[in-house]
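Reading through the structure tokens given below for one structure.
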Amino acid sequence: MRDIVDRPRRASPPPTSRGHAIVIGASMAGLLAARVLCDHFARVTLIERDSLPAQAESRKGVPQGRHLHALHAKGEQILCRLFPGLGDGLIQAGATRVDLPGDIVWFHFGGYNVRFKSGLTQLAMSRPLLESHVRRRVLAIANLTCLEQYDVAGLVASPDRTRITGVTVRPRTEGRAESTLDADLVVDATGRGSRTPLWLEPLGYPKPTESAISIGYGYTTRLYRQDPTCLTDARIIFIQPTPPHDKRLGALYPIEGGRWIVTLGGYKGGHAPADEQGFLEHAKSLAAPDIYNVICRAEPISDFVTHGLPSNLRRHYEKLARFPDGYLVMGDAMCSFNPIYGQGMSVSAMEADLFDRCLTAAGRQGGLRGFARGFFNDAAKVIDNPWMIAVGGDFLYSGVEGKKAPGTDLVNWYVGHVHNATHHDPALASAFIQVLMLLKAPSSLFHPRVVLRVLKNRLLNRSPVYQAISRGVTPR
Ligand SMILES: Cc1cc2nc3c(=O)[nH]c(=O)nc-3n(C[C@H](O)[C@H](O)[C@H](O)COP(=O)(O)OP(=O)(O)OC[C@H]3O[C@@H](n4cnc5c(N)ncnc54)[C@H](O)[C@@H]3O)c2cc1C
């Protein structure tokens with residue numbers, strides 16, 4: 001098997017090493033899980049079915065990488081702790097630091113967000129640039145081996161089936177035989193298409209229950225050459241559909257190489273066509289004209305790419321009564337969100353951070369027996385808030401279907417007033433952005449100080465959206 005690690009290695013293995021760990025999937029969740037495992041295990045093997053590019057290029061196993069990817073501040077904080085100097089490296093490679101809402105023309109809930117420098121920032125770049133920098137650093141770790149172009153075909157269990165003891169791997173290159181790799185811990189980070197439920201079923205484990213909120217979302221993306229004469233006073237444009245019946249969204253985002261990535265999308269039936277005229281018409285039909293005004297003049301430098309996402313999908317591993325030792329699931333394999341909220345990579349980072357803490361605690365308590373139960377319980381708490389933000393937000397739009405948590409309409413009614421207030425109140429805009437960036441819990445918007453401010457805004461300002469909500473045009 002080919003060890004692609006030809007980059008600088010860490011001098012010695014970690015002091016508290018536990019044997020061998022395997023991570024399946026070398027995208028964001030897998031890279032971060034592997035980074036954490038390298039501090040706790042003597043050897044870590046990362047297995048990826050794709051050939052991994054040396055540069056910032058999109059690849060087949062991560063098709064979403066060709067679309068706009070925002071990294072929230074919470075995710076950036078964790079990544080920079082795991083990889084000191086990562087932010088500087090990304091900026092040197094062309095990422096731009098943008099202030100929210102200072103650098104963004106943001107139309108939502110029927111109005112433009114108030115613009116001011118808040119100090120809340122984000123690094124804007126392409127997904128392949130971020131992934132390539134994280135990957136380069138992970139592959140340089142001394143006790144990590146990466147097997148590229150290997151498919152994990154299944155799991156190997158102990159005779160009594162209470163423990164996963166390894167995986168079977170199938171090389172993608174011709175003439176090489178399937179083989180088995182033993183491990184003390186295996187992590188599934190294979191994304192939304194994870195086969196864990198299918199792999200565990202023949203071993204006698206039930207499938208996890210799923211929460212699926214059907215959104216029928218579609219992305220169409222194209223790259224443009226940045227032209228400052230087309231966009232003079234901002235770096236990002238984000239136009240959200242006005243609930244409940246508007247379905248179309250658009251975003252323009254700076255990425256390295258002097259490019260803009262423009263993603264147009266929409267809920268059920270609101271997808272943007274992947275042709276010149278249809279794309280421009282979709283941009284023109286958004287709730288505000290800002291993206292159209294730029295792209296009708298800017299130079300396109302790529303073809304169109306599309307991606308569909310049928311639902312927010314959460315697999316409730318925390319609710320399973322039985323789960324084998326020596327096995328875990330992370331990242332999109334556990335929960336994948338409507339991408340417009342830009343949460344998936346940051347949630348993967350939050351899970352990796354939790355994983356690190358759980359492994360440290362397990363080290364003190366003397367072992368990994370029963371580790372999965374505690375991890376899944378804590379991971380469910382990590383996922384709860386981003387899930388509430390995404391699913392709650394989606395239920396504002398007509399046609400979105402799924403089991404609605406009790407109180408969703410009431411919360412949305414209140415959050416509608418928060419949105420409305422962000423059109424003119426910088427303090428509320430900051431509070432709201434901190435929740436979106438996953439720096440604060442949604443419950444922070446219900447702090448008495450915030451509620452009072454929202455009520456004050458409600459009395460003083462009445463925009464059309466507020467009036468629509470107060471007339472009872474609530475989401476279905
Ligand atoms: C259109 C779109 C836009 C998005 N925008 C954002 C955004 O703005 N911000 C954000 O934070 N998140 C965004 N996301 C989500 C983000 O892409 C994911 O959350 C993130 O990539 C973490 O996913 P993952 O690593 O768990 O899985 P994935 O990224 O899906 O990676 C799975 C990996 O496993 C490999 N693999 C699969 N099966 C096997 C196997 N059997 N053997 C070996 N290897 C295997 C694949 O090749 C791949 O490398 C977006 C998603 C989509 C679909």
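Report yes if SER194 is in contact with an Asp or Glu (Cβ under 7 Å, 6 or more places away or on another chain), away from the ligand (no atom under 14 Å from the Cβ) and not β-branched (Val, Ile, Thr), otherwise no.
No.
Can you name every residue in segment 248-268 that is crowded, with 22+ Cβ neighbours inside 10 Å and assigned to a loop (DSSP other than H, G, I, E, B)?
Residue satisfying the conditions is TYR267 alone.
Does GLY89 fit the bill of being part of a loop (DSSP other than H, G, I, E, B) and either over 19 Å from the mean Cα position of the chain (by Cα) or among the aliphatic types (A, V, I, L, M) (or both)?
It is false that GLY89 is part of a loop (DSSP other than H, G, I, E, B) and either over 19 Å from the mean Cα position of the chain (by Cα) or among the aliphatic types (A, V, I, L, M) (or both).
Looking at (1) away from the ligand (no atom under 16 Å from the Cβ); (2) closer than 16 Å to SER430 by Cα; (3) surrounded by 17 or more Cβ atoms within 10 Å (Cβ to Cβ), which one does GLY110 not meet, given that it meets all the others?
Going through the list (1) away from the ligand (no atom under 16 Å from the Cβ); (2) closer than 16 Å to SER430 by Cα; (3) surrounded by 17 or more Cβ atoms within 10 Å (Cβ to Cβ), GLY110 breaks only (2).
Among the residues in segment 375-387, are any within 15 Å of the ligand (Cβ to nearest atom) and in contact with a Ser or Thr (Cβ under 7 Å, 6 or more places away or on another chain)?
There is no residue in segment 375-387 that is within 15 Å of the ligand (Cβ to nearest atom) and in contact with a Ser or Thr (Cβ under 7 Å, 6 or more places away or on another chain).
When you scan segment 147-158, do you find a residue that is within 30 Å of ARG369 (Cβ to Cβ) and touching a Phe, Trp or Tyr at 6+ places or on another chain (Cβ under 6 Å), even just one?
yes
Looking only at segment 34-77, count every residue that is open to solvent by less than 10 Å² (accessible area, probe 1.4 Å), within 15 Å of the chain's Cα centre (by Cα) and either farther than 24 Å from THR220 by Cα or away from the ligand (no atom under 11 Å from the Cβ) (or both) and tell me the total.
So the count comes out to 1.
Against the condition in contact with a Cys (Cβ under 7 Å, 6 or more places away or on another chain), open to solvent by less than 40 Å² (accessible area, probe 1.4 Å) and either among the charged types (D, E, K, R) or more than 30 Å from GLY402 (Cβ to Cβ) (or both), how does ILE141 come out, does it pass?
Criteria met by ILE141.
Residues are listed down the side, and each one gets a yes or a no for (1) near the ligand (Cβ under 8 Å from one of its atoms); (2) more than 21 Å from ALA441 (Cα to Cα):
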| residue | (1), (2) |
| --- | --- |
| PRO289 | no, yes |
| ARG297 | no, yes |
| ASN312 | no, no |
| ASP332 | yes, no |
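Identify all residues within segment 293-312 that are assigned to a loop (DSSP other than H, G, I, E, B) and either under 17 Å from THR263 (Cβ atoms) or open to solvent by less than 40 Å² (accessible area, probe 1.4 Å) (or both); write none if there are none.
The answer is CYS296, ALA298, ILE301, SER302, ASP303, PHE304.
Please indicate, with yes or no, whether at least one residue in segment 338-358 is part of a strand (DSSP E or B), within 16 Å of the ligand (Cβ to nearest atom) and surrounded by 18 or more Cβ atoms within 10 Å (Cβ to Cβ).
No.
Does SER430 satisfy being under 27 Å from THR121 (Cβ atoms) and surrounded by fewer than 17 Cβ atoms within 10 Å (Cβ to Cβ)?
no
Test ALA274 against the criterion of being over 22 Å from the mean Cα position of the chain (by Cα), among the small types (Gly, Ala, Ser) and within 16 Å of the ligand (Cβ to nearest atom), and give yes or no.
Criteria met by ALA274.
Only one of ALA333, ALA321 is open to solvent by 30 Å² or more (accessible area, probe 1.4 Å) and of a type in the set (Gly, Ala, Ser); which?
ALA321
Of the residues that sit in segment 384-413 and are crowded, with 20+ Cβ neighbours inside 10 Å and touching a Lys or Arg at 6+ places or on another chain (Cβ under 7 Å), which one is farthest from ASP325 (Cα to Cα)?
Selected residue: TYR397.
So which residues in segment 67-82 are out of contact with any His (no Cβ under 8 Å at 6 or more places or on another chain) and either outside any helix (DSSP H, G or I) or basic (Lys, Arg) (or both), if there are any at all?
Those that are out of contact with any His (no Cβ under 8 Å at 6 or more places or on another chain) and either outside any helix (DSSP H, G or I) or basic (Lys, Arg) (or both): LEU68, HIS69, ALA70, LEU71, HIS72, LYS74, ARG81.
The values are calculated or read from the model by the stated rules, or taken from the named source; none is laboratory data. Worth saying up front: this structure is predicted, and the values here are computed from it rather than measured. Positions of Cβ are generated from backbone atoms using ideal geometry, with glycine treated the same way; all protein chains shown enter the neighbour counts. Ligands, DNA and RNA are excluded from the accessible area calculation, which covers all protein heavy atoms including side chains. Shrake-Rupley method; radii C 1.70, N 1.55, O 1.52, S 1.80 Å.
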